[in-house]
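Here is the structure we will look at.
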């Protein structure tokens, strides 16, 4: 059954031969009107009215001079019935002449259909050919989408001298035979796509999308080269693959998800790169759904290189619901460079005169004498021989050799100059001990990790080599170290670091890292997490879990489970670590946490203050409502000062609260203020009372806020003494005792309240 969606029929021959060209059909060419070798036959027994031609040329052409349109995605069929009447027998074929919108011929196309040899006089023979934009089965003349119209007819080839009669030509639209309008898809082949991996199919893809009008676009089997960026407004299904230059984009506005991009590019990693590229180029989608897929990754994914045309971005984008799994590869090997450089504390975040600077990688960890933890190369000026660091150096000499180690990350955003509001949600990064997980951009803010799992990073979980950690949120995430079998002090991996302020760490889990977090900024909120760093070695040392390197941290640590590690407050990122009229150590609230240590060394502490220069003191520290407990072995106390580099000025302690805590398996409890009962059982005028062990950090007994007798105070004769003593705080060589001086020698019991600070 012939489908005649619309008719393109030329006029019958009886209407005149002046529209029938004997050349290519274009205006001004010779026609068969009045020609000696052609005539209209009004009453042929088989055809009725028909055209009779005497073949006089090697290729005798017949072309309708009307412009038969060639539409994107459409197919037409040209049919002619012919018969030999006398003379030699020619061959017959359908033919056409393609013309573009400017009226010029389109070269390089097939212009003829299959030829049929006439062999018997009077025998009716039908010749036909299908012309269309797509290379579909059954299409004889594939014209793509360049021709605007064509002039169609037939050719007589072979021997001359034969007489042939031709019935009226039939030209029909048969598009429905290839892609019916009732189907919910269109095929890019129908719009001129070649799928040969060489021909530029960009225009065909765009045409198919325009024609789909909401229906699905099919990209069938084949390799389709797209030289230009292509946007699909309609949903698209890929059975074949596309090939594009790195700086061209495939934007899928309707079905923007990783599965579709992987199907498009035939490779998981390339599909992810292209999807990320499109997302940052405004596909009308803020979220890339990974469809729960696992992508096997054998080399770092340079996220900026994937985008190419942007090195800054500050609009919220989300990558969610999938897994990246690192596979063994030499590409994960860290780049290590050693170089001499000069340092001055006046420019604490800069190294100058850096030898071999061209080979120093941006984003590299810097190690050397006087370098604190988690100091990275933020940028470099090769011409000036200068390197800018993420944090100042606290005690580097004027010149020394530094080691620069650039870890390799599954997702490396380090190529961006600035990136903000990038969120990974429900993403698993399985580093498998091969590599690190995520490198942030050098600058930016408000980058989030939500319900992510970072498993077995070789070196780092999340690294900030600049300030893109500003306002970073880590919510409901799980970090699993690759170093669980190692003793705690032998581990080297760190879950994450931050240089900037306002980090929010909530409801997350960290297992067996050397350090859970190095926080160099202030305004951090750490709530509801569990981090543990123990091992199976009895009496073993442990390592710091949470490290605040801004000595006045202005941070909150609440409701966490702090397991076999300590909270450390230091100033290792201070270019001038000696105290010099600045904020003191403190600004830290530690409230309602569960602290646990199992089989640790007796010198282990849960809270450690570590000054890197002299003259510092503590001001504004609140430790309240916590539960401190050990198992297997007691520890001496819960807090201490590491004086291995410098001591602290106990005489300047201010506003320290240490109360409402519980202690189990702790030899010495700690309070501030501390209220103790003293029983003087010999008659003395001066009572010397030791309060220092109870005071935080075994500091000075700076203030006595109350003395209350507990029962009668009696003199040597047993007479009650009603006068009150005066108190001398900071008494004794260690200045941690209190002396009570009475008007006369006496004995008895008192309750005394003392403080390690001045509460102002």
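What ranking do 561-567, 153-159 get when scored by the average of other Cβ atoms within 10 Å per residue, highest first?
561-567, 153-159
Hey, how many Å between the Cα centroid of the range 683-758 and the Cα centroid of the range 101-142?
The range 683-758 and the range 101-142 have Cα centres separated by 115 Å.
Quick one: what Rg and Dmax do you get for the range 625-725 from the alpha carbons, in Å?
For the range 625-725, the Cα radius of gyration and maximum Cα-Cα distance read 17.4, 54 Å.
Which order results if 301, 618, 518 are arranged by neighbouring Cβ count within 10 Å, fewest first?
301, 518, 618
Take the Cβ-Cβ distance between residue 200 and residue 507 as r, set R0 to 41 Å, and report the resulting FRET efficiency rounded to the nearest 0.05.
0.20
State whether the range 481-664 is rounded, prolate or oblate according to the following rule on the C-alpha gyration tensor (a ≥ b ≥ c being the square roots of its eigenvalues): a/c under 1.5 gives rounded; otherwise a/b larger than b/c gives prolate, and the remaining case gives oblate. List each step's numbers first, then the result.
Values: a/c = 1.44, a/b = 1.35, b/c = 1.07.
It comes out rounded by the Cα gyration axes.
Give me 421, 83 sorted ascending by neighbouring Cβ count inside 10 Å, so fewest comes first.
421, 83
Using alpha carbons only, how many angstrom separate the centre of the range 535-580 from the centre of the range 356-379?
Answer, in whole Å: 22.
Could you work out [θ]222 nm for the chain from helices alone, using -39500 (n - 2.57) per DSSP H run of at least four and dividing by all its residues? Round to the nearest 500 deg cm²/dmol.
The helix-only estimate for the chain comes to -1500 deg cm²/dmol at 222 nm.
Report, please, the projected area of the range 383-493 averaged over directions, based on the convex hull of its C-alpha atoms, in nm².
Result: a mean projected hull area of 8.8 nm².
How long are the three semi-axes of the equivalent ellipsoid of the range 13-177, in whole Å, if each is the root of 5 times an eigenvalue of the C-alpha gyration tensor, listed from largest down? Could you put the intermediate results ahead of the total?
Working: eigenvalues 137, 59, 40 Å².
Its equivalent ellipsoid spans semi-axes of 26, 17, 14 Å.
So in the range 13-177, what percent of DSSP beta bridges are antiparallel if you round to the nearest 5?
Numbers: 48 of 51 bridges.
Close to 95 percent.
Report the residues of the range 288-322 in range of a label on residue 267: point 7 Å along Cα→C-beta, backbone N strictly under 17 Å from it.
Within reach of a label on residue 267: 295-308.
Given a cut-off of 38 Å, what percent of all Cα-Cα pairs of the chain lie beyond it?
Above the 38 Å cut-off, the chain has 59 percent of its Cα pairs.
Pairs of alpha-carbon atoms within less than 8 angstrom and 6+ residues apart define the contacts here; what relative contact order does the range 13-177 have, in percent?
It rounds to 33 percent for the range 13-177.
Residue 36 to residue 594: extension gain in nm, 0.36 nm per residue of separation minus the Cα-Cα distance?
So the extension gain works out to 189.9 nm.
How far, in nm, would the chain grow between residue 311 and residue 722 when pulled straight, counting 0.36 nm per residue and subtracting the alpha carbon separation?
140.0 nm
Out of all DSSP beta bridges with both ends in the range 185-311, state the antiparallel percent to the nearest 5. Display every interim value, and only then the final one.
Values: 0 of 15 bridges.
Percentage antiparallel, nearest 5: 0.
For a protection proxy built on the mean count of beta-carbon atoms within 10 angstrom, sort 387-399, 438-450 highest first, please.
Highest mean packing first, the order is 438-450, 387-399.
Compute the projected area of the convex hull of the Cα atoms of the range 446-574, averaged over all viewing directions, and report it in nm² to one decimal place.
Working: hull surface 28.4 nm².
Average projection, Cα convex hull of the range 446-574: 7.1 nm².
For residue 675 and residue 221 in one chain, what is 0.36 nm times their gap in residues minus the Cα-Cα distance, to one decimal in nm? Mind dumping the intermediate values first?
Working: separation 454, 0.36 × 454 = 163.44 nm, distance 8.31 nm.
Net length gain for the segment: 155.1 nm.
Treating the Cα atoms of the range 463-507 as identical point scatterers in vacuum, please give the log10 of the normalised Debye intensity I(q)/I(0) at q = 0.25, 0.30 Å⁻¹, two decimals.
-0.92, -1.03
Could you calculate the FRET efficiency of residue 213 with residue 382 from 1/(1 + (r/R0)^6), where r is the beta carbon distance between them and R0 is 51 Å, rounded to 0.05? Before the final figure, lay out each step's value.
On the way: r = 54 Å, r/R0 = 1.05.
Given R0 = 51 Å and the Cβ-Cβ separation, E is 0.40.
Sequence gap at least 6, Cα distance under 8 Å: using those rules, report the relative contact order of the range 185-311 to the nearest whole percent.
18 percent
Counting DSSP beta bridges with both partners in the chain, what percentage is antiparallel, nearest 5?
Within the chain, antiparallel bridges account for around 45 percent of the total.
Over the range 674-755, what number does the Rg to Rh ratio reach, with both radii from the alpha-carbon atoms and Rh per Kirkwood?
Rounded to two decimals, Rg/Rh equals 0.98.
Rank-order 360-368, 548-556 by packing density, defined as the average count of other C-beta atoms within 10 Å over each peptide's residues, highest first.
With the highest mean Cβ count within 10 Å placed first, the list reads 548-556, 360-368.
Where a number appears in this text, it was derived from the coordinates with a stated rule and is not lab data. Here the structure is a predicted model, which is why all the values come from computation and not from measurement. Here Cβ is always computed from backbone atoms with ideal geometry, including for glycine, and neighbour counts include all displayed protein chains.
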